[in-house]
1. Of VAL729, GLY782, ASN676, which is farthest along the charge dipole of the chain in the positive direction, counting Lys and Arg as +1 and Asp and Glu as -1 at C-beta?
2. Put a dot 7 Å past each Cα toward the Cβ at ALA96 and ASP481; how far apart are the dots in nm?
3. Okay, which of the range 198-233 sit inside 20 Å, backbone N to the point 7 Å along the Cα-Cβ direction of THR655?
4. Counting other C-beta atoms within 10 Å, and keeping those with at most 15, which DSSP coil trypsin sites (Lys or Arg not before Pro) do you find in the range 229-319?
5. Given the C-alpha centroids of the range 606-675 and the range 199-239, what is the distance between them in whole angstrom?
6. Gap in Å between the Cα centre of the range 79-110 and the Cα centre of the range 333-359?
7. My understanding is that a pair violates if its Cα-Cα distance is over 21 Å; which of LYS150/LYS622; LYS131/LYS562; LYS131/LYS297; LYS394/LYS427; LYS384/LYS430; LYS95/LYS487 do that in this structure?
8. Efficiency by 1/(1 + (r/R0)^6): what FRET value for LYS394 and GLN508, r their Cβ-Cβ distance, R0 = 60 Å, to the nearest 0.05?
Amino acid sequence: MKHQDKITQMTLTEKCALLTGKDVWHTREIERLGLRSITLADGPSGLRKQAAAGDHLGLNESVPSTCMPSPSTMANSWDEAVVQSVGAGIGTEAKAEDVQVLLGPGLNVKRNPLCGRNFEYYSEDPYLSGKLAAAFIRGVQENPVSACAKHFAVNSQETLRMHSDSVLDERTLREIYLTGFEIVVKEGKPGAVMTSYNKVNGTYANENTHLLDDILRGEWEFDGAVVTDWGGSNDVVEGARAGMSLEMPAAGDDSACRLIEAVQSGELAESIVDERVDELLSLIVETETQAQAKEPKDNHKIAQAAAEASIVLLKNMDHILPLSRDSHVAVIGDFALKPRYQGAGSSLVNPKKIENIADIVKHYLPNAMDCAAGYLRSGEDSEKLTAQAEEMAKSAQQVILCLGLPESYEAEGMERKHMRLPENQVKLLKQLAQINDNIIVVLSAGCSVEMPWLPSCKALVYAGLGGQAGASAVLRTICGDSCPSGKLAETFPQKWSDVPSSAYYPAQEATAEYREGIYVGYRAFETADTPVLFPFGFGLSYTQFAYSNLEIEAECVSFDIKNTGDCDGAEIAQLYVSLPQAEVFRPKMELKGFAKVQLAAGESKRVSIPFDDKTFRYFNVKTNRFEIEKGIYSIQIGASIRDIRLTGDIAIDGTNAVNPYEGVDVDCYQKCSVANVSDASFRMLLGHDIPRQHWDRSLPLTSNDTVSQMFYAKNPLARGLCKMLKRMVDKSLAKGKPDLNILFIYSMPFRGMGKMMNGMVSMKMVDDILLMVNGHGFRGLGRLVRDFFRRPKLAQQTAKNAAK
């Protein structure tokens with residue numbers, strides 16, 4: 001252990017207390033040993049350090065900080081240097097605010113477009129996610145601040161996220177949902193990893209020895225701290241046994257006392273507690289002893305550069321863009337007046353400044369007309385606003401129409417209901433297109449949307465959620481000051497039903513079944529040859545690029561790229577690998593490398609993309625390790641996954657492992673026919689029986705059941721309370737402003753009361769509440785009052801130990 005000298009000086013009480021939080025955002029201190037309390041704060045899109053009372057959902061205001069583009073937007077840059085600069089900027093602000101741990105990046109795989117938290121994640125592809133998240137971590141940790149990669153693992157839906165059991169086969173787990181974390185741990189070297197709320201194959205992620213001990217600490221040799229998501233601890237003893245170093249937030253003294261009792265009874269070895277303390281001490285000590293933070297950066301410029309690099313030009317008919325500076329344009333859309341620049345929930349940043357297109361458009365287009373709202377953000381029709389917009393469109397040469405998903409569509413703790421834009425926005429677009437055929441749509445969203453309206457616009461600029469400087473980035477691109485270079489980090493399907501997981505998403509009760517297996521995102525669309533709106537890796541430019549002179553060697557692939565257009569630009573070259581004659585089923589193509597290349601007009605560069613340990617591998621469920629199948633692999637270099645420019649072959653010997661599916665009927669996976677996988681086929685893929693999917697309403701509710709399940713509780717008062725909470729949730733959603741606090745309570749397991757209320761409710765009191773809910777009202781109430789006055793206190797525990 002690294003800190004044996006300090007650990008030997010600690011009492012058992014001190015060690016156990018250190019593994020549990022002090023309050024919402026701080027660890028405990030041990031003054032006599034000089035161990036300080038450290039501060040943790042949210043931060044995937046910018047620092048969110050709360051100024052007053054702490055809460056996990058961002059309901060209380062935080063200190064002003066720079067709002068960077070969302071991770072889903074930055075991913076469209078495919079630029080590790082850009083993402084690293086963003087991480088460094090956020091890390092500098094964290095250091096200035098005395099924050100030691102930044103809770104980010106989030107790199108869960110975008111399994112389905114409806115996930116309400118997709119804006120906080122990078123991509124549907126784990127390789128791209130891992131590379132960009134590792135760059136973010138390196139940037140953050142240029143400062144004496146630790147990043148915390150999250151949410152480990154298989155956390156791809158918000159519905160019942162604290163209760164749901166993610167059921168999937170080991171190969172899908174390893175190839176899709178863990179590969180990004182593997183890259184992050186090995187290349188980014190974060191000081192901490194955060195476990196997810198959900199179960200993974202029957203065991204809570206925070207207690208999952210396979211995830212934490214076998215893989216994270218064993219195979220990947222991670223030696224940092226493992227932190228629970230806030231309220232994500234189920235059993236603190238089992239968490240410590242599996243590899244958890246810190247339970248957050250504070251559960252009063254309940255968890256610490258539980259750990260002490262477990263050690264004293266022999267249930268938990270003290271040596272395990274010592275290991276967990278050692279891991280946490282590394283986090284505490286290393287964020288104190290690293291080099292001093294660098295000089296403050298101009299983070300607004302960093303935010304603008306990142307937003308600019310991440311803009312994706314999806315359509316540009318008749319080369320309408322870039323616009324001439326003397327263009328007489330109409331700017332229409334409520335998003336131009338009040339930008340949608342970030343997601344909602346625990347990542348919510350209190351920005352230092354906010355740009356909007358309406359205020360600055362004349363700096364770029366002096367002849368622009370005054371901005372008109374055009375539509376109501378609430379989704380309701382407004383004849384007055386429509387008429388104003390139509391009048392402007394009549395006299396304009398071009399119309400810049402700002403559309404997008406309202407804040408209520410994308411938020412932590414909930415899913416999107418569909419992939420469509422609000423109908424009033426679409427209706428306005430179609431009406432304006434009848435008046436002016438030069439419509440340029442600027443789209444703000446954290447994830448893909450359906451676009452039956454696409455023919456109504458001549459150009460489409462995908463701005464994503466561009467952060468506080470997104471308006472400048474959009475206008476510089478529209479005017480040609482910046483040549484668009486972003487490419488999609490996710491596929492845009494034609495419709496939601498084309499997504500393979502749509503048949504299983506979101507799971508509504510006990511389990512979330514990942515029946516589609518490895519066929520996520522482009523892996524499904526390409527293998528099944530499904531038409532899409534925009535393919536993975538797609539993005540237009542104001543210039544053109546030619547690829548030539550492919551050379552494949554044992555260690556890398558090299559080729560030339562030339563800018564054949566008349567303006568400077570950047571191209572993102574993508575390496576895809578396939579094995580056409582594979583025996584083991586696999587996707588048609590997989591991303592295995594990329595390079596973003598800056599080129600002046602007429603310039604040519606030689607580009608080399610190395611092969612690595614992930615280039616040819618697949619996970620073999622029989623040998624329980626990654627293997628390489630022997631064969632002739634196709635090496636493909638493309639401008640997108642459906643725009644392959646160069647191809648070649650390479651012979652790979654392989655590891656000669658047995659075919660893990662020999663004699664197993666996985667025909668639907670061989671054919672990528674996974675939209676409606678049968679129970680028999682999914683059972684074959686899993687290698688065991690499928691867990692019960694639905695709640696057993698005949699059983700009493702337990703601490704791991706949710707408040708929302710009280711609709712079938714035996715106590716009529718509990719059922720009434722459940723109905724009341726549901727009405728409150730529905731009412732807030734109908735208003736377009738989801739009450740995240742009520743939504744969190746409604747979806748929370750009962751144990752959350754004992755983990756999220758800073759000791760006001762002990763875990764014994766949770767059992768008493770459940771006794772009441774399950775029909776024993778008076779007995780439960782009596783015990784609840786008794787146990788309220790018997791809540792565990794460390795001071796009492798210490799005195800008891802001294803008496804022994």
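1. GLY782
2. Using points 7 Å along Cα→Cβ, the separation is 2.3 nm.
3. 210-222
4. Of the trypsin sites (Lys or Arg not before Pro), the ones in loops of the range 229-319 whose Cβ has at most 15 other Cβ atoms within 10 Å are LYS294.
5. Comparing the Cα centres of the range 606-675 and the range 199-239, I get a distance of 29 Å.
6. Each part reduced to its Cα centre gives a spacing of 20 Å.
7. LYS150/LYS622; LYS131/LYS562; LYS131/LYS297; LYS95/LYS487
8. 0.80
The values are calculated or read from the model by the stated rules, or taken from the named source; none is laboratory data. Here the structure is a predicted model, which means the values were calculated and not measured. Counting neighbours? That spans all protein chains shown, and the Cβs are built from the backbone with ideal geometry, glycine included. Calculation scope for accessible area: heavy atoms of the full protein, side chains included, ligands and nucleic acids excluded. Shrake-Rupley method; radii C 1.70, N 1.55, O 1.52, S 1.80 Å.
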